[in-house]
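What follows is a short report on a single structure.
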Amino acid sequence: MPFIVGAYSQLPPGTPLPILERALAEVYKPVLTYIYKHPELKLHFHVPGTVLEWFEQNHPEMNMLIADLVKKDQLELLSGSYQEQVLSILPAKDRSSQLETTTTFIRKRFGKRPRTAWFFNQIWNPSFVSTMAMGALDRLVISSYDRLHDLQVATDPFLMQDLGKSIEVFPSDDRFDQLITQLSRKEIGVKEFTEAIAKLRFDPADRYRTIMVNLDRLLQATAIHQDEANLIDLFVTVFERISRSSDPETVLLSSIPLGSIERRGYLQAAWYGRDSNLIDISSFNDMFIKYEELNHMYGRFLYLVNLARLYRKNKDVKKRVESLLVKSGSGGAYVLDPSGGCYRNSLRKQVYRYLNEAERLLSAGEEIPYPRELDIDFDGHNELVWLGKNIGVVVDTAGGSLAEINYLPTGWNYGDTFTGYASEVDRVSFPAIRDGSFQRSFNDVFLPHNAPVDHYAKHVKKQTFDAGEHLYSLEISEKNQNEIVARKGFKDLPFGVGCVAVTKRYRFRTHTIVVEFTLENCGKHRSRGMFGSELNLSLGMKDDEVSLYTVEKSRNRPLANGRVIAPSLKNVRIPDPLNKTLLSLASDIRFTLHKDDFLVKLDTVMGLEILYEYTQILPLWEFDLAPGEQMQWTVGFRIERRARTKQKDKE
């Protein structure tokens, strides 16, 4: 019984450089060097096309090593989507091109065209059979573990046919994957892992036995058990077990004649294997149901795909836009795996950068009218998309708030927040926040007039009324397309606030979002309380904490780091060092500021990480209105590039 052994890593585009460097030092180089030193071993290998490209540009010796192993028939590269896209979310015509891009890169750089595919996170759909056929890929390696039914679909290879096209499927042994996953989750220790691997038995009647090792999981395991073992020792454990079998030969798939697999089978659509950290989701599309933020991001992607189809003006621009949209389909931001997935800010921001650049090109080449009205998040209520020279926003009916605040010169979406679930991460702050809730900006809240601001918790209804849970009406100004008015009347607000109508008039400028607030007591009794409008901003972080300051009498006054309560302010400024921008909030009447950062702890390939998600900036204004009385004030939110200071000439 020959063994088909492989190793794979799925670090997606947008992965921070320190992670790539660690993977290089502790995974890629040691594993390939081990294979090089043992000529009798043969290994299948998959990394994203972007990692191979990174090797070429920054570590060419790695691609030289890979090329040498390929030439010696010790290594066989598996093809896949170049940027680790989830192919099912891409337009059909782009799916095969992604596989072909990877296949062509491998053929040109390493001299052999791959004939076997590996799909990101092992997300499978039978329609991929036709996609593989278009790219001349004849074989698929995928886990035998069906997450939905908690069973092994097969152990032996089988021939699968769909719509007249056929591929040979080689299911991988889940027992190895299960043990590696348990080790990475601290369910077993290194000694237990080694002993369990040694006890595994193989059926001599099997024609082939396929084993795939998730290198990202192993890297996570070594980060967690750093005092007990290193990655290469754990990797070698697998080969040592094979060497003790009755037939320890390892073979490459390319050495197995095509057509030699006769047993028939069928692999239904599912999310296979244990690459994902999630245990309550078996279908990839369930991610859009569970996570509001990912659903919105996917909706924005589909909106631009449809907008690009209508573009006819310039073929070069259209080609560039289509390329950007394909890149924005990178799957890292849509899953939760050892990379950090949807909780890692840089992966989501990478998607929005591509989306923003695509829309900027489309709007520059066509006379596209803005605001555009459409249902981005598929909730049955239309949002308004507005795009200016430097700022682009999405106005949501939920709270009349901003679901996106895009600064186009950098492509950064400051509205890209992420909450997630307390069962998946340890929350460093905001313990009372509602699981899975999308935290938007200019989200209105009401508090009792004597509420202690330092105890602010939006989702504790005894303390706060969250207007974001209610739908506002949205109206585009007839006189100025750059103005959008959001209105909502509330009856019987708690805390004795009573009946209050809220009006927010957004005016969008080149660098500034101006919001005119109006509160009107529409009841018969006095209305008294505190009103706030949250800005939940996902900033570019270089340090561990977001630092703020206010300007008083032309002087900067720093505010404390971390959680801040600051009374009687007229402005606050928020530096974004990563994007070299400065964000400013100013009001024509004084406010009390509540500021806090939302951080989570998550086990990743780097060990236990503290990941920054967003910063909550909450200005609060007191109001005391007689029946029929109004209170009006104006707030300006500005984003601008920080001025570069010239260095003095050295004397």
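At a glance:
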{"item": "Hits in region 103-119 (condition: in contact with a Pro (Cβ under 7 Å, 6 or more places away or on another chain) and over 15 Å from THR131 (Cα atoms))", "result": "ILE106"}
{"item": "Scan of region 226-239 for residues that are without any contact (Cβ under 8 Å) to a residue 60 or more places away in the chain and under 16 Å from GLU195 (Cα atoms), ordered by number", "result": "GLU228, ALA229, ASP233, LEU234, THR237"}
{"item": "Positions within region 276-296 being modelled with pLDDT of 95 or more and assigned to a loop (DSSP other than H, G, I, E, B), in sequence order", "result": "TYR291"}
{"item": "Residues that are at pLDDT 95 or above and within 23 Å of ARG641 (Cα to Cα), drawn from region 389-400", "result": "ASN390, ILE391, GLY392, VAL393, VAL394"}
{"item": "Criterion violated by SER166 - all others in (1) touching a residue at least 40 places away in the same chain (Cβ under 8 Å); (2) of a type in the set (Gly, Ala, Ser); (3) open to solvent by 20 Å² or more (accessible area, probe 1.4 Å) satisfied", "result": "(1)"}
{"item": "Lone unmet requirement of (1) open to solvent by less than 60 Å² (accessible area, probe 1.4 Å); (2) more than 30 Å from ASP173 (Cβ to Cβ); (3) among the aliphatic types (A, V, I, L, M) for LEU310", "result": "(1)"}
{"item": "All positions within region 340-389 that are open to solvent by less than 10 Å² (accessible area, probe 1.4 Å), of a type in the set (Val, Ile, Thr) and not in a helix (DSSP H, G or I)", "result": "ILE376, VAL385"}
{"item": "In region 572-593, residue most open to solvent (accessible area, probe 1.4 Å) [restricted to those that are farther than 22 Å from ASN413 by Cα and of a type outside the set (Gly, Ala, Ser)]", "result": "ARG590"}
{"item": "Candidate set: region 420-464, residues that are in contact with a helix residue (DSSP H, G or I) (Cβ under 8 Å, 6 or more places away or on another chain) and of a type in the set (S, T, N, Q); chosen: the one surrounded by the most Cβ atoms within 10 Å (Cβ to Cβ)", "result": "ASN443"}
{"item": "Sole residue being in contact (Cβ under 8 Å) with a residue 12 or more places away in the chain and open to solvent by 20 Å² or more (accessible area, probe 1.4 Å), chosen from GLU61, GLU56, GLU84", "result": "GLU56"}
{"item": "Residue satisfying condition, being under 31 Å from the mean Cα position of the chain (by Cα) and open to solvent by less than 40 Å² (accessible area, probe 1.4 Å), within set SER245, SER282, SER260", "result": "SER282"}
{"item": "Hey, ALA205 small (Gly, Ala, Ser), open to solvent by 10 Å² or more (accessible area, probe 1.4 Å) and under 37 Å from the mean Cα position of the chain (by Cα) or not", "result": "no"}
{"item": "Tabulated pairs, region 555-574, first touching a residue at least 40 places away in the same chain (Cβ under 8 Å), second open to solvent by 90 Å² or more (accessible area, probe 1.4 Å) and assigned to a strand (DSSP E or B), C-beta under 7 angstrom, 6+ apart or interchain", "result": "LEU569/ARG590"}
{"item": "Yes/no for SER584 being within 24 Å of LYS389 (Cα to Cα) and either modelled with pLDDT of 95 or more or among the β-branched types (Val, Ile, Thr) (or both)", "result": "yes"}
{"item": "Residue tally, condition more than 22 Å from ALA626 (Cβ to Cβ), among the β-branched types (Val, Ile, Thr), more than 29 Å from the chain's Cα centre (by Cα) and not in a strand (DSSP E or B), over region 494-520", "result": "0"}
{"item": "Count of residues meeting criterion [within 30 Å of TYR145 (Cα to Cα), part of a helix (DSSP H, G or I) and either over 12 Å from the mean Cα position of the chain (by Cα) or in contact (Cβ under 8 Å) with a residue 40 or more places away in the chain (or both)] in region 297-335", "result": "8"}
{"item": "Residue that is most open to solvent (accessible area, probe 1.4 Å), among those in region 521-566 that are of a type in the set (A, V, I, L, M), touching a Pro at 6+ places or on another chain (Cβ under 9 Å) and assigned to a loop (DSSP other than H, G, I, E, B)", "result": "MET541"}
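For every residue, the table says whether it meets (1) among the small types (Gly, Ala, Ser); (2) crowded, with 21+ Cβ neighbours inside 10 Å; (3) farther than 26 Å from SER323 by Cα.
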position	(1), (2), (3)
VAL27	no, yes, yes
HIS38	no, no, yes
LYS42	no, yes, yes
ALA67	yes, no, yes
GLN98	no, yes, no
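The values are calculated or read from the model by the stated rules, or taken from the named source; none is laboratory data. For clarity, every value in this text was computed on a predicted model and none was experimentally measured. Cβ: placed from backbone, ideal geometry, glycine included. Neighbour counts: every protein chain shown. Quick note on the areas: whole protein, heavy atoms, side chains included, nothing else; ligands and nucleic acids left out. Shrake-Rupley method; radii C 1.70, N 1.55, O 1.52, S 1.80 Å.
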